[in-house]
Structure formats: structure tokens, C-alpha cells
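Worksheet: the structure to be examined is printed underneath.
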Amino acid sequence: MKTSLKTRLWLAIEKKAKEAINFFGVGNTRFSLLLARINSYLKKHFQRNVSLQSVDVHLAEHCNLGCFSCNHFSPLAEEEFADLNITTRDLRRLSELTKGNVGIIYLVGGEPLLHPNIILFMQVARELFPDSDVHIITNGLLLLQQKPEFWEACKKYNIIMTPTKYPGVDWDKIEKRADEFGYKFTYFDFSGTSEKVSRRFALDLTGSQDMKKSYENCCMACCSIGLSDGRLSTCSFVFNMRHFNKYFKQNVPVTSADSIDIYKAKDIQEILDFLGNPIPLCRYCKSIGTEIVGEWRATKRELSEWT
Ligand code: SF4
Ligand code: SF4
């Protein structure tokens, strides 16, 4: 089971583009946002001809950092951890469907390092996808507290830690710590050379947007493909909207039409075709990640951050 040449080529181009952005020191500017949109456009329109480029596996719904307009609604979520058995079952099915040809398995959250058994998830991801990249997307706050077993597992399972560069974290110290174990960080979201800014992920609670337009303009579609309890979705909103609805007592509808059952899908092509199209939930999205609102800021957990 191997990732295909086309998948590797796609990932290599994406990686080089990110490195170039970091080299020129323009991380998190409008230019990087433009490149993110180009990346998303290419995935929406061409991923179905290549293979599944990435899958997000959520290890914790909640987070130890509260960001303005978090696109996973994690500051609104109650404490909730992924079930290892369910994740193993679903990754096994995905591995069968794709013959292991998935570019990147992202272990995400909320904050994935909060999961007490994160090492077991690393092991499962690596064993079921021996030829894929496996990344941990973390805010970094817990990295300096990790025990040697964690770093050893990262080494053993060839895990790439990809922190988002939030302010207030001693990144130099963390990089030195990682170096002791032979690791080199790559920063997520084009932010290797500049600190994180805040973006707005805004909903239209009336659901009156044009779903095709919302999908085409969306920075998450096909770039944050979520796996949850036997289903895949094109973005993280589908499985996380429940946190928004519960916290703000709203009723943004999410139905089975917004995701696809990986056990009922006859092959991976059916899944790729589904992911490359708008979903009913897109009617509720106004501007998804395209509006930079300034320097990173903490959430006040106000409805206006997401509307
Ligand atoms: S660190 Fe990530 S998951 Fe946590 S609140 Fe910020 S954006 Fe959301
Ligand atoms: S529902 Fe559609 S527009 Fe909204 S985040 Fe998901 S893919 Fe993007």
C-alpha cells in the first residue's frame, strides 16, 4: 500500500510553496491567504483526479487556548476525547478504500496533545498508513511538558509535529527541545516567520447564501476533510457545528447529506466526487477564513465572532 506518485507530487509542490512563503518572510499576509485559496481551489477541482490529499482526525474537541472565531468551535466545546477503537476502525476502512493512498493524516483538535493516549493514535495512524505523512497540528502550549516517551514515539512512528505559531509561546525553547530528539518543525498555515493573525469564519444564520458560491470561496473545503464516526466531510464545520449550536442555542442544521458514509461508499472515487461538491451546510456560510481581522486575539465567546 503506497501513496501514488501523483499524490507525492502534489504534496511536494504544496510543501515547496509553503517553504517559499516562509523564506520570503510573508507568512500570514494577504499573499499567503491568496495562496491558501489557490491551494483550496486546486483541491476542490482536481483532488478527485488524484487521491485523497489529507484527512483530519480530531483527538480532542476542546482546547487549552481560546482563539477568536476558531474554525473548529473548540472554545465552545465541552471536554470530549476521540475513542481509539472508533478511530482505528474508521482509519482501517479508509486504508482499505484508498489502498493506503492518502497524502497526510492530520491528528488535530481542539488541542490533540490534551488526549492522554495520543501515542496510541500516532501508532494506529502510522501502522494503517505506512507511506503517508502523519502530522500533529498543535498550538504548542503543551510541547515543553511532553515526556521522553512522547518524543520517542514521534521518532519511532515518524510523526511530523506541525505547530501553529501562536504568540506567547517560547518557540525557540521548543525548537531546541525538539532538536534534542532530532526533530525539525515546520510551521502550519504559512506562519514560520511571522506570528499568527486572526481570521473570521462567519456564518449566515438564515441559511440564505448561494451554496455553490460559499463553497467556491471557502478556504476549508477539501482542505480540512474531517473523519468522524464512519463519515467524511469536506470541512470541519460539519462535525463541529454541534458545539456552536449548543453553546449559542442555535439550530444550524447539519444532516447526513453534509457528509458521506465511508462504509456505504462503493469506492474512493465516490467519496472524492462527494468532497469536491458543495453541501447543504454551505448555505449557512458567509465568509470562511477569507477575512483577516488583525493580530491574533483571544475569543470572547460572543456570537458576533462567528456571524
Ligand atoms: S488553538 Fe486551534 S483549536 Fe484551539 S482555539 Fe485556537 S484555533 Fe481553535
Ligand atoms: S459548509 Fe461549505 S462553505 Fe461552509 S465551511 Fe464547509 S465547505 Fe466551506
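The values are calculated or read from the model by the stated rules, or taken from the named source; none is laboratory data. All figures in this text were calculated on a predicted structure; none of them were measured in a lab. Cβ sites come from the backbone with ideal geometry, for glycine too, and all protein chains shown count toward neighbours. In case anyone asks, the SASA skips ligands and DNA or RNA and just uses the protein heavy atoms, side chains included. Shrake-Rupley method; radii C 1.70, N 1.55, O 1.52, S 1.80 Å.
Some notes on this structure:
- For the stretch 214-230, taking the residues that are in a strand (DSSP E or B) and open to solvent by less than 20 Å² (accessible area, probe 1.4 Å), the one that is nearest to N277 (Cα to Cα) is identified as G226.
- Residue ID - most open to solvent (accessible area, probe 1.4 Å), chosen from residues in the stretch 289-307 that are within 11 Å of F201 (Cβ to Cβ) and in a strand (DSSP E or B): E291
- Within the option set I268, I279, being in contact with a Ser or Thr (Cβ under 7 Å, 6 or more places away or on another chain) and within 22 Å of L76 (Cβ to Cβ) holds for one residue only, I279.
Conditions tested, residue by residue: (1) within 16 Å of ligand 2 (Cβ to nearest atom); (2) modelled with pLDDT under 90; (3) within 26 Å of R242 (Cβ to Cβ).
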position: T138; (1), (2), (3): no, no, yes
position: L143; (1), (2), (3): no, no, no
position: E149; (1), (2), (3): no, no, no
position: K155; (1), (2), (3): no, yes, no
position: K184; (1), (2), (3): no, yes, no
position: E195; (1), (2), (3): no, yes, no
position: S198; (1), (2), (3): no, yes, yes
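- Going through (1) modelled with pLDDT of 95 or more; (2) open to solvent by less than 50 Å² (accessible area, probe 1.4 Å) one by one, R242 falls short only on (2).
- Complete set of residues in the stretch 58-100 that are touching a helix residue (DSSP H, G or I) at 6+ places or on another chain (Cβ under 6 Å), open to solvent by less than 10 Å² (accessible area, probe 1.4 Å) and more than 16 Å from ligand 2 (Cβ to nearest atom): L59, A60, L91, S95
- The lone criterion from (1) within 14 Å of ligand 2 (Cβ to nearest atom); (2) open to solvent by 50 Å² or more (accessible area, probe 1.4 Å); (3) farther than 23 Å from V57 by Cβ left unmet by V252 is number (2).
- Look at the stretch 55-72: where a residue is in a loop (DSSP other than H, G, I, E, B) and a partner is open to solvent by 20 Å² or more (accessible area, probe 1.4 Å) and within 16 Å of ligand 2 (Cβ to nearest atom), sitting 6+ places away or on another chain with Cβ atoms under 7 Å, you get S69/R199; S69/R200.
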